[in-house]
Amino acid sequence: MEIAPSAQARQTAEKVLQAIYGDDFAGCTVSLDDLAAIIDASIKEQTEINREIIDAFKKVVEAVQLLSTPPESGEVKDSKQLQEVLGVRLDSIREITSKTITAIDALPKSQG
């Protein structure tokens with residue numbers, strides 16, 4: 001059983017066909033639902049990509065938040081150890097952000 005295209009995809013398909021064939025679709029050989037299914041598949045694919053990007057970004061933010069949280073007072077004995085702990089954390093934050101920037105730069109660019 002085939003799932004019907006979304007209302008958004010159907011409206012977009014109708015606008016496309018109207019732009020090409022006019023309001024009466026005279027001469028149109030493709031069905032509105034067939035075109036809407038193509039548009040719907042594209043929307044769903046982009047939605048999944050967006051969801052993956054948001055999930056990855058959430059993990060990055062959570063990691064940076066964890067690393068930027070000050071250590072408990074009992075975890076650090078003196079200022080030298082505090083400096084070491086903070087240095088390691090800053091290095092980790094820098095590594096995470098550098099990898100994130102690289103990953104964002106690798107994403108396909110919009111053609112719009």
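In a helix (DSSP H, G or I) and under 21 Å from residue 52 (Cβ atoms), is that true of residue 109? Taking the combined requirement at face value, the residue does not satisfy it.
Among the residues of segment 14-67, those identified as of a type in the set (Val, Ile, Thr) and either within 19 Å of residue 104 (Cβ to Cβ) or open to solvent by 70 Å² or more (accessible area, probe 1.4 Å) (or both) are 20, 29, 38, 47, 49, 53, 54, 60, 61, 64.
In a residue-by-residue description of segment 68-89, the property of being in contact with a Lys or Arg (Cβ under 9 Å, 6 or more places away or on another chain), open to solvent by less than 90 Å² (accessible area, probe 1.4 Å) and not in a loop (DSSP other than H, G, I, E, B) applies to at least one position. With respect to the stated conditions, residue 94 fails to be open to solvent by 90 Å² or more (accessible area, probe 1.4 Å) and under 25 Å from residue 4 (Cβ atoms). Inside segment 1-13, residues that are in a helix (DSSP H, G or I) and either among the β-branched types (Val, Ile, Thr) or open to solvent by 90 Å² or more (accessible area, probe 1.4 Å) (or both) make up a count of 4. Report yes if some residue within segment 33-48 is touching a residue at least 12 places away in the same chain (Cβ under 8 Å), outside any helix (DSSP H, G or I) and either farther than 30 Å from residue 101 by Cβ or touching a Phe, Trp or Tyr at 6+ places or on another chain (Cβ under 8 Å) (or both); otherwise report no. Checking segment 33-48: not a single residue is touching a residue at least 12 places away in the same chain (Cβ under 8 Å), outside any helix (DSSP H, G or I) and either farther than 30 Å from residue 101 by Cβ or touching a Phe, Trp or Tyr at 6+ places or on another chain (Cβ under 8 Å) (or both).
The values are calculated or read from the model by the stated rules, or taken from the named source; none is laboratory data. As the structure is a computational prediction, the values presented were derived from the model and not from experiment. In this analysis, Cβ positions are derived from the backbone assuming ideal geometry, glycine residues included, and neighbour counts consider all displayed protein chains. Accessible surface areas use protein heavy atoms only, side chains included; no ligands, DNA or RNA. Shrake-Rupley method; radii C 1.70, N 1.55, O 1.52, S 1.80 Å.
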